[in-house]
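Presented below is the structure to which this report refers.
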Amino acid sequence: MVPLGAFTNSENAKQVQDKAASAGFKSYTENVKLPQGEQTRVRAGPFRSRDAAEKARDRLKSLGLEVGQVAQR
């Protein structure tokens, strides 16, 4: 999976998901409770391989998204 961000505002999370979807990428969210409050994490994936995830990361980054390092879920 490719991390696309963590947001306290659910509308911001939705905007990132929409941008990823418009580029043809599936994404999902995870809600987490932290001492600072609740956040929604947005992740792109899953991908068939690490190589596919790396290529997707590069494409998502070129769209102007702040992407994290590829990680295994």
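Values quoted throughout were computed directly from the atomic coordinates according to the rules given, and no laboratory measurement underlies them. Quantities reported herein were computed from a predicted structural model and do not represent experimental measurements. Cβ atoms come from the backbone with ideal geometry, glycine included; neighbour counts cover every protein chain shown.
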All positions within region 1-36 that are in contact with a Ser or Thr (Cβ under 6 Å, 6 or more places away or on another chain) and in contact (Cβ under 8 Å) with a residue 24 or more places away in the chain: PHE7, SER10, ALA13, GLN17, ALA20
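Could you please find all residues in region 3-56 being among the polar types (S, T, N, Q) and more than 20 Å from ALA71 (Cα to Cα)? First the steps, then the outcome.
Keep residues of region 3-56 that are among the polar types (S, T, N, Q), which gives 8-10, 12, 15, 17, 22, 27, 29, 31, 36, 39-40, 49.
THR8, ASN9, SER10, ASN12, GLN15, SER22, GLN36 - these are the residues of region 3-56 that are among the polar types (S, T, N, Q) and more than 20 Å from ALA71 (Cα to Cα).
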